[in-house]
1. Mind checking the angle between helix C:3-34 and chain C's longest principal axis? C-alpha axes, 0 to 90 degrees, to the nearest 10.
2. Would you kindly derive the ³J(HN,Hα) couplings of the stretch C:151-157 from the backbone phi angles with the Karplus curve 6.51 cos²θ - 1.76 cosθ + 1.60 (θ = phi - 60°), listing them in order in whole Hz, with x for Gly and Pro?
3. Quick one, what does Rg over Rh come out to for the stretch C:30-106 if you take C-alpha atoms and the Kirkwood Rh?
4. Is there a quick way to get the dipole size of the protein assembly as shown? I mean about its Cα centre, with the Cβ of Lys and Arg at +1 and of Asp and Glu at -1; what is the value in debye to the nearest 20?
5. Amide H to amide H, which residues 5 or more places from B:Ala113 or on other chains are under 5 Å from it, using H placed in the peptide plane?
6. Test of understanding: ordering C:Thr260, B:Thr125 by Cβ neighbours within 10 Å, fewest first, what list do you get?
7. Normalise the Debye intensity by I(0) for the stretch B:82-172, one equal point scatterer per Cα, no solvent, then take log10 at q = 0.13, 0.25 Å⁻¹ and round to two decimals.
8. Can you compute 3J(HN,Hα) from phi for each residue in the stretch B:277-285, using the Karplus curve 6.51 cos²θ - 1.76 cosθ + 1.60 with θ = phi - 60°, rounded to whole Hz and x for Gly and Pro?
Amino acid sequence: MDKNFAQRRRRDLVVAAAFAVVAALVPLFVKDVYVQNIMVLTLMYAALSQSWNILSGYCGQISLGHALYFGIGAYTTALLFTKFGVLPWFGMLGGGLISALIAMALGYPCFRLRGHYFVIATIVIAEIALLLFQNWNFAGAALGIDIPVRHDSWLTFQFTRSKLPYFYFALVLAAIAWLVTWWLEDSKWGYWWRAVKDNPDAAESLGVVVFNSKMGAAAVSAFLTAVGGSFYAQFVSYIDPESVMGFQFSLLMALPAVLGGIGTLWGPVLGAVILIPLTELTRSFIGGSGRGVDLIVYGTLIVLISLARPEGLVGLFSRRRKEAVR
Amino acid sequence: MTISRRNVLLGATAAAALAPIAARAETSEVVIGLTYPLSGANAQVGVDAQKAYETALDIINKAYDFDLPLAKGEGLPGLGGAKVRLVFADHQSDPQKGRAEAERLITQEKVCAVIGTYQSAVAVTVSQICERYQIPFISADNSSPSLHRRGLKFYFRAAPHDEMYSAAMFDFFDALKKKGTKIETLALFHEDTIFGTDSGNAQLKLANERGYKVVADIKYRSNSPSLSAEVQQLKAANADVLMPSSYTTDGILLVKTMAELGYKPNAIVAQDAGFSEKALYDAVGDKLEGVISRGTFSLDLASKRPMVGKINAMFKEKSGKDFNDLTSRQFMGLIVMADAVNRAKSTDGDKIREALVATDIAGEQTIMPWKRIKFDEMGQNNDADPVLLQYIGGKFVTISPPQAAVAQAVWPMK
Amino acid sequence: MTAETIIQSLASGLLMGLLYGLIAVGLALIFGLMDVVNFAHGEFLMIAMYATFFLFAFFAVDPLLSAPLVAAALFLFGAVVYLLIVRFAVRAKANAGMVQIFSTFGLAIVMRGVAQFFFTPDYRSVTHSWLGGRTVSLGGIFLPVPQLAGAMVAIAAFVGLYFFINRTDFGRALEATREDAGAVALVGIDKNRVFALGWGLGAALVGLAGAIMATFFYIYPDVGASFALIAYVTVALGGFGSVFGAFAGGIIVGLVEATTALILPPSLKSVGIYAVYLLVVFIRPRGLFGSI
């Protein structure tokens, strides 16, 4: 079994590398900016969902408030840049660290909560942050922050028309999130989490170390999510509380992992690759009718997939993977 | 993967930045993109907007005997009678989606101009994208004053912004005061998104400048389940004028809650939005006799300018509603844009922009009570005089400014 | 701030709170029965409000009269949702909790889309009703009749529910199924039937709330979203699985909301509710009256 596990991990790494290379080549053939835009979003959501999956999938702490970290990342970058001229790369790091610290501070009281109590706590904490930002005049309150775009530059990470720099950044971010997950699967933490899931009694004996490992997972998850938020701020070059901290956003981060396969290595990527193009295309090509047909299609798919494939769509690809991970 | 990627990346970036938008071929069709919320909480606005734009399209593409740019004759004479085609895109009130849709309209649908967006937050990103692609954008119905102050070259707004609207309200107060009406205290009541925040800021500033006392400045959460606490504070403040900046949902709840808590304000002067929506008057019109709202449009104009009534009838046939403050601005947005494309004799973004800069449409040639349409260097039309309308006997009558007024204001409201 | 302002705020808060309780109790009942949180609860409220509106607009039925009809219709709807969706969601072999959340969440999106498709996104209102627009004044304190009626319906619903669960066969079957679904199968109770009826009952309660709400609130496809989060917090604050907890939770939420609006800017009034929720669960991780 151990040998199989090691083999599978090596294979996963090879497959991921192959995917990354293929993905990196796609924009050379696909020049349409609308399609490129969808690809950027897909990679961004893959990265976000992968980060969410670390805490919610592997650790089993279902968070529907990750928009909090996303928003903090976006706001840190945008505020530092527009108010103090700090380059977004530092803002990205700063936002990530602040989010990680907040995640640990919140994890301390929240990890004692179980099930829906925890889920609702994550929702209301993100809502509180949303309301505070909505009323915080220094951060533009409801007006948000409009990041002026001057000229193409890697230094300020701004590009007027080209999507490619964003595409490659999102690809790297998704790859990092994937690698972190891959590494965690075989780490001490990964073993503890599996042990706790398989055997609740083990949770008692491992109590303290598991608690600490969850704090660690929360920090890593929040850090990566915040980097995603910084990326979003640069990509869209305008943020306001509603669009980076709304509850809707927390759900959107969770959905790819849920549909693809929660607590699995490949679930978030697969989910994002299916879900994001689908939402974008239904909105663009059915949404214009003003009749809500896009919502009906989108919602029906969520219901059907979650009922028909509770283990996620990765189950379609591999039977063995499931048991190894869980 | 490591060596070549960097080169590929830089090369591709440079190529994309340098390449101009492919010259748009001369066609018998001019495509204009519109982006609105067509699903989600504000879908109603988008659906109504579609009808307004279709009405304008009808007038442009078919021959009508109106003294309105492009009404006579079919299509755009400047482009050999080319017809205008509209493409609608749904931004679901999300700035990121608005941005993506604007980009799709420009690159895929090959639109030569964009009009939108209802929400100011979405207008920020849409206008930014238009600037990057050098495609003119008309902000038909966004009233946030911050929008035109961002130094964008391709941004145009024919309609007034919130500071102009608020100034019209204070002009009206000043005039009433001069005649001996007591107006000393104001209560501001605004929602917490861009619209309410901007409007509240503008009103607070004007109140301080002109010596009115703001006895309550209440910012509330939009779409709250209850407004009783807020109304309670308004009631306690009991100002001479209540000035709400609310969308339809909150407007309905505000009026109902005021009635329930026994608060009858002396006068209401509303910053449009919900207070120009039919849905609000259907719901609580009986409690709003005498409410005053700022606006850009007034059906009263039909008596002076018969085409206003006829065009309104065309719109009503499509939508079942009269023109309101939003739909009339949307209508004008497309007329102004199509007029510029016609004069540019081209679908090239720069040429249309130049034509927009040169726009000078007389007020009589619009359906609005405006002096004229002429854009300043920031793309704002400062001659779009707002009007104040009072809701009397189930319809709106213009009460201010004096040159447009058809009736005296009833004050206090009842 | 005068004493009158404070009393009025608290009175309004109490009435709203009872209404929040009535909206939330269906959620609490369903959760107590089978540990499922219905993420389409707000949309159940939305269709109840639409049903009330259409009965009023087409047949001139007053919301007070249509309330039982709406409750009955929602009962059917709830049972059907259980049989068509939730029944399969709880059977999921993997990630059962996740599947429940997202299958009901997907349903919520579909319901909004369907409402927009058939009813258009226009804002609707019940313009006149026996309750709507009336208000009772007690020594300068105004009590709006719709909310007053809502509060009374809420109290009646809680009393009725209490007797129903404790004194009727079906109620005992509900309780028994909730405690041990496996064992009840042995004594010949069809688990699915009990669950379907439980969902029906939960939906019927939100139907009642919707009928009352329609007399004073606007109606549009997304209206449920304004109430959904409050309903979840209400149930969690009171303690999942406790019907009485939802009642108490509603009152607390209403009062906290009113008090916060007196102290902080009103745009932050929900912060008070959320902070109280966090405070309570940090001290008592199972909510105020939670059994599980």
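Only the coordinates and a few stated rules stand behind these numbers; no lab work does. Every value quoted in this text rests on a predicted model; they were computed, and no experiment measured them. A quick note on method: Cβ atoms are made from the backbone with ideal geometry, for glycine too, and the neighbour counts reach across all protein chains shown.
1. 10 degrees
2. 5, 5, 4, 4, 5, 4, 5
3. 1.09
4. So the magnitude is around 1820 debye.
5. So B:Ala113 has HN proximity to B:Gly33.
6. By the 10 Å Cβ count, ascending: C:Thr260, B:Thr125.
7. With one equal scatterer per Cα and no solvent, log10 I(q)/I(0) is -0.43, -1.27.
8. Values per residue, Gly and Pro as x: 8, 4, 4, 5, 6, 4, 7, 9, x Hz.
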